[in-house]
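J.: Sharing a structure below in structure tokens format, with a few things to ask.
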Amino acid sequence: MEAVLKNLSSTAELLAVAARSSVVEQWDKQTLSRAFHWARYCEHLFSRFLNNTTIRRVIEKQLRLTNESLRAVFTGYADICFSDLSQCQHLLLVGLLKNPELPISIMKILFDTASPVNNQQSDYQDVTGLCSHIIQCKSACKVLSPLTDLSGADAEVQGAVLMERLEDLLSGGGEASRIEHILNSFLQEGEGASGHICLVISAALLTRTNSAAAQTASQDFLLDWLQKKQSVLQQMCSAIPSTLIIDLAKRHVKFRDAYCDVLKKWASEMEYSMSEGEWVQANTNRTVSFQRVTEHFLALFVACPSLRKDVEKELNALNISDGDFDVRGLSVWGDLLSAINK
Amino acid sequence: MAQLQQQIQPHQAAKPLLDVPELQFWHDKAVAWGQADRPDTLKDTCLHMSRLKDYLQQLLTHINNMSSTSETMKRLPLLGQFLGRLCWNPCVTADAPGRWLLFQCLWGLYSEHPGNAVETKANQWIRKVLCQLATEEDDAAAQALMKRMGVPPKEYHLKVLIKMVAMLQENIGKSCSSLFDINHRCSCDNILAASEACVPLVTFPEAAPLISALLQQPATCVRAALSQDFLDALSSAYSSKCLLLEEQEVVSLWYHSLSSLEEAVLSLLECVFTNTGSTPQELKWQLAHSLLPKACAQHCSIFLVVNDIFRSLLKQAEENESVKYLIQTFSSSFFREWGLLQHKTSGSLKALFPQSPQSLLIPLWTWPSEMPQEAWRHHLNWLSCSLQRLTEDEEEGDSDGSTRGHLRVFEAWYLLIQCAHWVQVAVQLLATLQPEDCGPLLWLLTFYHHPTKRGHHRTSQLVHAKEAWDHLRSLFSFLAHPFPVDRVQSLITLLSLKPQQTSPSPFLILKLLLNFCVFSQQSLNGSSEILQTVVNRSGLVNEAVRVLSSLELRLIEDSCLSSDTNRVHLRIKAFQNTLTHMCATLNPATNQTHPQTLITEPRSSEFILDAGFSQGTFAE
């Protein structure tokens, strides 16, 4: 472990030097390749000890010490934390490219554009054309994105990554509270783009991985967490395309029931507006109309026909408790029932 | 890299200095494209990629010829802006050669030892642009999420790209039902758009599944066309070896792109005719390796194109044995592939050979192995009589000078060339037939070698062929030593005749000779002796080797030998040894394992283009 910590410190120093020291002026292809080798080593440490709380704490402590000493040497040094380790190569690259002392010969190696056929034979494959490949990848995504406009490849990738992480965490015996904390912070990160987060979560719930058991466990965990986050759940039900909601309802009974509850909640919050002659959501900012709620129910019944009888029975009971009048505008349940059975 | 440079270099223009208006044009284009983030700007960039790359190549030459960056900037003040804009156009940066050129231009503007403020500024700018290109992220929220999940940006982008490619690939795979309902809106419009967007991505390995799906999408819908620029980009990347394609993808590329198909056929021909040492087996392998027979079997349209190229090749060189042999070998490879696929393809023989005499199609395209040996002679007699009737009818009707009849005869002959396995069977049978039965078969053999009746010479050629056959028959039925010297001498005289209109092709006689050697009842020693004497004195060793090995290949392929299979093969081996020996004595320097030269290297050029037949009688 001592050796690992030493390597870790050295790599942190390497990152600082790459970004801030004029020493890089003397770097050659071999130095460059070695630097990326160490960066990959740290990325490996990250994934290896991600779920090991004890070792993670030791590593974090070591990083704190290294940060302190580096701060003393380099003015404006930015600390490195445990999660930065997963991005070590990227950090190294950014540092190098922003360092004005980086020799142009090194840049030429990084931006080398070889044909794919030749690429396999070159030395220092890891660094040769590294930037060129990144640029090609990003550019290709941009070229193709107008063609995939609404299908959201990025949300699907993020969903799959989320699922992978959950699987790792759960199989590594991570405590529920910590995993929930990660999910919560995940939600916070996406604050500005909550519609997108809904797509990511649904993509995660629809992901199919190789290990069925691990997948069930992690998707169950995510569903349980979602039920505690009623606002997210409601937003999902109103924001994502109805075909996706139906897919989710078909795939997960837990989601189906939660979805049904959300629909009933929406209905229960409605009041009859005399002026509009229609049921409207009273206290919220009217995101869902009576018409939409009806459509949601109908779509759900088409997808899960067995549900219809129970739900109708429930709605009927609610209608009876409201007085069982056969007049429009008195009970939302009665009107909903007749709208569903129209 | 070298290949990439090679791919770019040929476009290099000789123009030494660039004019400002042209740069202005491309600069305005770059401004109009912006970041190519709208479908129309994306499309326009993709469509201009090839010309843009040519221009960048010129720019690069120009930059490298200037003494300093300040000088370049003075001459072309817009240059920096132009290159800067291109850096942010994903079409340009996604395309490997485009990106290479762009970066080379930037390196060209970078001054190792900046001499003034302009050059220092240019250096800083180049570093900044490149750094931003490689490390800046558009979607900060996604990056923050991925960082929390421990996914590095590089890996994330790759994952998204792979996902996008998979999604698009899936969409393209969905079959279209608009064939039945013309008004039905289908997603096939996307295919054109996707193929346009793929122009800069053709050599990108991660996009390969999409490229493959586009190439191989079932063409059920009129809207499902592929962009010509996409096909051109693919062909040029494929032919410059910057792109590896699977077999089926290559076939699809040929199906969609006529120019790439023509290029493939021409490169096959070049390969066959420059690689002069190849044996019939090697030729067969070469053809199979070219994938063309397989492609022809899958798509009637590909076959028609390839067949047309062979047809015009034959018209140019009707007497050339190696052209004939190439066509025969190709046709039989094609036909075997076609047979394997027949349950899948809708193309009938009629559709494949629209110009051939229809009544001869099935009889000629029946393999000898598909009928009992006893029926061969009858079948050949029928073929010979049919062809004879056809030629007589056409040649008689041809007296008014029209070429229609002429073409009909050519098409019949061309079909016979393609199905020359029947001519080979005819020669085999001629080795054992009685004089009264040999007429039709000799006619067929003569027609194969001398299709035109120029100056009514076929009759005398036929007479000579019969004469040669008589000599051979008498030599090979003569069981005691020594052989009648006069027969041997007459045969050699026939073989050594100065090519003229009435002399039969030496190949005709050689084929007869070797078939007599292999199939007659003459003893092995006796046959060897005749072979050695005739071949030695006529100087046709290499040609004899060639004829023998194609005979052997046919026997192996057709597996149509009777009970004396063993005997025949042993004899062939023995004659091969005899000939190899003779080759070694004749040309001691040549490698003994490949003693034969290709038939395209004959005794004299007249041998190939028989003097009696002005070149290209059938040529239009």
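J.: Could we say that residue B:279 is at pLDDT below 90 and more than 15 Å from the chain's Cα centre (by Cα) here?
T.: Details: at pLDDT below 90: yes; more than 15 Å from the chain's Cα centre (by Cα): yes.
Yes: the conditions hold for residue B:279.
J.: Based on what the data block shows, is residue A:239 touching a residue at least 12 places away in the same chain (Cβ under 8 Å), within 14 Å of chain B (Cβ to nearest Cβ) and either closer than 26 Å to residue A:266 by Cα or surrounded by 15 or more Cβ atoms within 10 Å (Cβ to Cβ) (or both)?
T.: Judged against the criteria, residue A:239 is not a match.
J.: Could you list all residues from segment B:150-162 that are part of a helix (DSSP H, G or I) and closer than 18 Å to residue A:40 by Cα? Steps first, please.
T.: Within segment B:150-162, the first condition is being part of a helix (DSSP H, G or I), and the residues that meet it are B:153-162.
Correct list: B:153, B:154, B:155, B:156, B:157, B:158.
J.: Output yes when any residue across segment B:266-279 is in contact with a helix residue (DSSP H, G or I) (Cβ under 8 Å, 6 or more places away or on another chain), of a type in the set (Ser, Thr, Tyr) and under 20 Å from residue B:553 (Cβ atoms), and no when none is.
T.: yes
J.: Is it fair to say residue B:125 is part of a helix (DSSP H, G or I) and over 45 Å from the mean Cα position of the chain (by Cα)?
T.: Judged against the criteria, residue B:125 is a match.
J.: Here's a check for you: in segment B:140-149, which residue that is open to solvent by 20 Å² or more (accessible area, probe 1.4 Å) and within 7 Å of another protein chain (Cβ to nearest Cβ) is farthest from residue A:45 (Cα to Cα)? First the steps, then the outcome.
T.: If we filter segment B:140-149 for residues that are open to solvent by 20 Å² or more (accessible area, probe 1.4 Å), which is where we start, we get B:140-141, B:143-144, B:147-148.
Keeping just the survivors that are within 7 Å of another protein chain (Cβ to nearest Cβ) gives B:141, B:144, B:147-148.
Details: B:141: 25, B:144: 20, B:147: 15, B:148: 16 Å.
Per the stated criteria, the residue is B:141.
J.: Another question, then. Check off (1) within 14 Å of chain B (Cβ to nearest Cβ); (2) assigned to a helix (DSSP H, G or I); (3) touching a helix residue (DSSP H, G or I) at 6+ places or on another chain (Cβ under 8 Å) for residue A:4 and give me the number that stays unchecked.
T.: Just one mismatch for residue A:4, condition (1).
J.: Within segment B:477-503, take every residue that is of a type in the set (A, V, I, L, M, F, W, C), more than 23 Å from residue B:457 (Cα to Cα) and in contact with a Leu (Cβ under 9 Å, 6 or more places away or on another chain) and give me the one that is modelled with the lowest pLDDT.
T.: Only one residue tops the list, namely B:483.
J.: Next question. Taking the residues in segment B:10-40 that are within 13 Å of another protein chain (Cβ to nearest Cβ) and at pLDDT below 90 as candidates, determine which candidate is surrounded by the most Cβ atoms within 10 Å (Cβ to Cβ).
T.: B:36
J.: Next question. Of the residues in segment B:348-359, how many are assigned to a helix (DSSP H, G or I) and touching a helix residue (DSSP H, G or I) at 6+ places or on another chain (Cβ under 6 Å)?
T.: Residues meeting the conditions: 3.
J.: Identify all residues within segment A:89-108 that are more than 8 Å from chain B (Cβ to nearest Cβ) and either in contact with a Cys (Cβ under 7 Å, 6 or more places away or on another chain) or assigned to a helix (DSSP H, G or I) (or both); write none if there are none.
T.: Of everything in segment A:89-108, those that are more than 8 Å from chain B (Cβ to nearest Cβ) and either in contact with a Cys (Cβ under 7 Å, 6 or more places away or on another chain) or assigned to a helix (DSSP H, G or I) (or both) turn out to be A:91, A:92, A:95, A:96, A:105, A:106.
J.: Which residues, taken from segment B:192-209, are at the interface with another protein chain (Cβ under 10 Å from one of its Cβ atoms) and touching a residue at least 12 places away in the same chain (Cβ under 8 Å)? So that I can check it myself, show each step before the final result.
T.: Looking only at segment B:192-209, we keep the residues that are at the interface with another protein chain (Cβ under 10 Å from one of its Cβ atoms), and these are B:193-194, B:196-201, B:203-208.
Across segment B:192-209, the qualifying residues are B:193, B:194, B:196, B:197, B:198, B:199, B:200, B:201, B:203, B:204, B:206, B:207.
J.: So, one more: Just give me the residues in segment A:17-59 being hydrophobic (A, V, I, L, M, F, W, C), open to solvent by less than 70 Å² (accessible area, probe 1.4 Å) and under 12 Å from residue A:96 (Cβ atoms), in sequence order.
T.: A:17, A:18, A:19, A:24, A:27, A:32, A:35, A:36, A:39
J.: For segment A:315-342, what are the residues that are open to solvent by 40 Å² or more (accessible area, probe 1.4 Å) and outside any helix (DSSP H, G or I)?
T.: Taking segment A:315-342 as the starting set, the residues that turn out to be open to solvent by 40 Å² or more (accessible area, probe 1.4 Å) are A:316-318, A:320-322, A:324-328, A:330, A:338, A:341-342.
A:322, A:324, A:325, A:326, A:327, A:328, A:330, A:341, A:342 - these are the residues of segment A:315-342 that are open to solvent by 40 Å² or more (accessible area, probe 1.4 Å) and outside any helix (DSSP H, G or I).
J.: Determine, yes or no, whether residue A:202 is more than 14 Å from chain B (Cβ to nearest Cβ) and surrounded by 22 or more Cβ atoms within 10 Å (Cβ to Cβ).
T.: Numbers: more than 14 Å from chain B (Cβ to nearest Cβ): yes; surrounded by 22 or more Cβ atoms within 10 Å (Cβ to Cβ): yes.
When the stated conditions are applied, residue A:202 passes them.
J.: Separate question: Determine whether segment A:210-218 contains at least one residue that is closer than 25 Å to residue A:264 by Cβ, of a type outside the set (D, E, K, R) and open to solvent by 50 Å² or more (accessible area, probe 1.4 Å). Write out each step before concluding.
T.: Just the residues of segment A:210-218 that are closer than 25 Å to residue A:264 by Cβ, to begin with: none.
Within segment A:210-218, none of the residues are closer than 25 Å to residue A:264 by Cβ, of a type outside the set (D, E, K, R) and open to solvent by 50 Å² or more (accessible area, probe 1.4 Å).
J.: Going through B:106, B:101, B:161 one at a time, which residue ends up being within 7 Å of chain A (Cβ to nearest Cβ) and at pLDDT 85 or above?
T.: Criteria check complete, one pass: B:161.
J.: If you don't mind, there's one more thing I want to ask. Would segment A:248-258 turn up any residue that is open to solvent by less than 20 Å² (accessible area, probe 1.4 Å) and in a strand (DSSP E or B)?
T.: no
J.: Of the residues A:231, A:185, A:218, A:275, which is small (Gly, Ala, Ser) and part of a loop (DSSP other than H, G, I, E, B)?
T.: A:275
J.: So which residues in segment A:60-81 are aliphatic (A, V, I, L, M) and open to solvent by less than 30 Å² (accessible area, probe 1.4 Å)?
T.: Hits for segment A:60-81 are A:63, A:70, A:80.
J.: Another question, if that's okay. Since residue B:351 meets every condition but one in (1) open to solvent by 20 Å² or more (accessible area, probe 1.4 Å); (2) within 20 Å of residue B:408 (Cβ to Cβ); (3) under 16 Å from the mean Cα position of the chain (by Cα), which condition does it not meet?
T.: Every condition holds for residue B:351 apart from (3).
J.: Is it the case that segment B:462-471 has a residue that's at pLDDT below 80 and either part of a helix (DSSP H, G or I) or open to solvent by 10 Å² or more (accessible area, probe 1.4 Å) (or both)?
T.: no
J.: I've got another one for you. From the residues in segment B:236-251 that are free of Cβ contacts under 8 Å to residues at least 60 places away in the same chain, in a helix (DSSP H, G or I) and open to solvent by 10 Å² or more (accessible area, probe 1.4 Å), which one is nearest to the other protein chains (Cβ to nearest Cβ)?
T.: It comes out as B:238.
The values are calculated or read from the model by the stated rules, or taken from the named source; none is laboratory data. Predicted, not measured: the structure shown is a model, and the values here were computed from it. Here the Cβ is made from the backbone with ideal geometry for all residues, glycine too, and neighbour counts use every protein chain on show. Heads up: the accessible areas ignore ligands, DNA and RNA and are worked out on the full protein's heavy atoms, side chains in. Shrake-Rupley method; radii C 1.70, N 1.55, O 1.52, S 1.80 Å.
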